[in-house]
Amino acid sequence: MPSRVLSGTRPTGKLHLGNLFGALENYKKLQGEDAFFMIADLHALTTEYGSHSSIADRVTEVVVDYLASGLDPKSCAIFVQSEVHEHAEMAVLLGMITPLGWLERNPTYKDQLRELKERDLQTYGFLGYPVLQAADILLYRAEKVPVGEDQLPHLELAREMVRRFKHLYQTEIFPEPQPILTQTPRVPGLDGRKMSKSYDNCIYLSDPPEVVDKKVRSMVTDPARKKREDKGNPEVCPVYFHHKLYQELPAVERVAKECRQALRGCVECKAEMARSLNEFLEPIRKKREEWLKRPDEIKAILDRGRRRAGQVAGETLEKTMKAMGIRK
Ligand code: TRP
Ligand code: SF4
């Protein structure tokens, strides 16, 4: 039996290399199972409710990034969260059994409140972010949830929710969802911190070659290597980390050796990395361009995804309502 897989991405912009290596690689690996990939537009609203830009336009960008980086709509369901009304309903139901303390203690919640200071996130919706996420996962009775490392606290909360539901209603509707991490859950951004949209340190899958070159030139390197003659330590260098993602092992070993012996300068090292990164991104860029010309096909993919998702979500919601005593 294939396992049930669900994951989602907030449509808050284009996808970057951190998304690709942190999670999307595993979407691709798991898409042949019984897999659902969602564009979490309701989750985007929890932080973007005050901006007047269109979340709907960004949904298409994420779908295009999904497709260009190798999701095959024949092997998995791709859908938009708000188009499957069961998500909102399930979130209300789960909200009834969610202790406030779980939400207030959530480390991701506390981090975000601190990081996104410019926005007012003292809202019911934002506090309830993990409840909505647990609803997403439980609705599909998902066993595997491919995510980036930053999502682990949310996943843990979803697991606690499953246990609480089982304890309260003595039913086993939901399996405990397992997070699935990639080999590289943390990809460094231009400044060496984790690549993240909120740090403005990303290389996007859709960045054209000139932009990639320019961004790579601005990357931090081994901070102890001040002069060309200084020997470097590749292990602490974000440029080296990226070499490992796009180059074969012998080339990577050569980079490390030459860096350690000061046989290569950081400028040339970055130029070489940018070249291999651009080669890596080229097929993704091409596919992006092609998909952007086929909006009708994208709409059809999302329609199919919505119908498939709705079937499973409808069944689960019905069972949940019965278990909780509002349906016979
Ligand atoms: N919170 C996730 C993120 O920011 C997106 C998401 C929403 C999600 N619902 C989900 C991820 C369900 C996994 C499962 O990346
Ligand atoms: Fe980093 Fe390359 Fe410079 Fe070494 S030579 S510090 S790996 S950029």
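The values are calculated or read from the model by the stated rules, or taken from the named source; none is laboratory data. On a predicted model such as this, the values are computed, not experimentally measured, just so you know. Cβ placement follows ideal geometry from the backbone for every residue including glycine, while neighbour counts extend to all protein chains displayed. Areas reflect the complete protein model, heavy atoms only, side chains present, ligands, DNA and RNA absent. Shrake-Rupley method; radii C 1.70, N 1.55, O 1.52, S 1.80 Å.
Ellipticity at 222 nm from helices only: DSSP H runs of n ≥ 4 in the chain, each -39500 (n - 2.57), divided by the residue count, give -16500 deg cm²/dmol.
How much of the DSSP beta bridge set in the chain is antiparallel, as a percent to the nearest 5?
Around 10 percent of the beta bridges assigned by DSSP in the chain are antiparallel ones.
With Cα atoms defining each centre, the stretch 215-229 and the stretch 39-54 are spaced 37 Å apart in the structure. Shown for the chain is the translational diffusion coefficient from the Stokes-Einstein equation, using the Kirkwood radius over Cα pairs, a temperature of 25 °C and a viscosity of 0.890 mPa s: 115 µm²/s. Of all lysines in the structure, the ones whose alpha carbon falls short of 16 Å from that of Lys214, not counting any fewer than 8 places away in one chain, are Lys270. When the GluC sites (Glu not before Pro) in the stretch 148-233 are filtered for DSSP coil states and for at most 15 other beta-carbon atoms within 10 Å of their beta-carbon, the remaining sites are Glu172, Glu229. Note on Ala251 and Arg193: their simple-model spin labels are 3.1 nm apart, each label 7 Å out from Cα toward Cβ. When His52, His154 are compared by accessible area at a 1.4 angstrom probe, the order from most to least is His52, His154.
Cross-link partners of Lys231 among aspartates and glutamates, defined as those whose alpha carbon lies under 20 angstrom from its own and excluding same-chain residues fewer than eight positions apart: Asp222, Glu253, Glu258, Glu268, Glu272. Annotation: extensible slack from Gln178 through Lys299 equals 40.5 nm (criterion: 0.36 nm per residue apart, minus Cα-Cα distance). For Pro11, the shell of other residues with beta-carbons less than 13 Å away shows a net charge of -2, using +1 for Lys and Arg and -1 for Asp and Glu.
Measuring against 20 Å, Cα to Cα, the residue pairs Lys74/Lys287; Lys28/Lys110; Lys29/Lys319; Lys144/Lys322; Lys29/Lys293; Lys110/Lys194 contain Lys28/Lys110; Lys29/Lys319; Lys144/Lys322; Lys29/Lys293 as the ones spanning a longer distance. Pairs over the 26 Å Cα-Cα cut-off, from the set Lys14/Lys286; Lys244/Lys286; Lys117/Lys299: Lys117/Lys299.
Between the C-alpha center of the stretch 124-152 and that of the stretch 279-300 there is a gap of 28 Å. Karplus-based coupling profile of the stretch 80-88, in residue order and whole Hz: 9, 3, 5, 7, 10, 5, 4, 4, 5, with θ = phi - 60° in 6.51 cos²θ - 1.76 cosθ + 1.60 and x standing for Gly or Pro.
Accessible surface calculations at 1.4 Å, restricted to protein heavy atoms, place the chain at 49 Å² per residue.
When the solvent-accessible area of the stretch 97-246 is split by element, carbon and sulfur atoms take up 51 percent of it, the probe being 1.4 Å.
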